[in-house]
Amino acid sequence: MDMTAQLKNNLISRIKDSKDLNFLNALQTIFDSSEQALYQLSPEQQSSIEISRNEIRKGKFRKNDEVISDMREWLKKK
């Protein structure tokens, strides 16, 4: 196992075992701030993501395999 995978597994284990809410909140803040630096979304993009998440929660989605199958069937008819 490489060093990166070993470190990730160690961190995952420690997070799972932690009962310290302050520690977990601090980690959440670190992750949130690092993600913000990577992904600067416009308000429109954020809104679209939230709409999509709500649709997923309501079961309004199709699995990728279903869509690909439908597309193949559609292409055969062309």
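The values are calculated or read from the model by the stated rules, or taken from the named source; none is laboratory data. These figures come from a predicted structure and were not determined experimentally. Ligands, DNA and RNA are excluded from the accessible area calculation, which covers all protein heavy atoms including side chains. Shrake-Rupley method; radii C 1.70, N 1.55, O 1.52, S 1.80 Å.
For region 23-77, the set of residues classified as under 17 Å from the mean Cα position of the chain (by Cα), of a type in the set (Lys, Arg) and not in a loop (DSSP other than H, G, I, E, B) consists of Arg53, Arg57, listed by residue number.
Scanning region 1-22 for residues being part of a helix (DSSP H, G or I) and either open to solvent by less than 90 Å² (accessible area, probe 1.4 Å) or among the β-branched types (Val, Ile, Thr) (or both) gives a total of 8.
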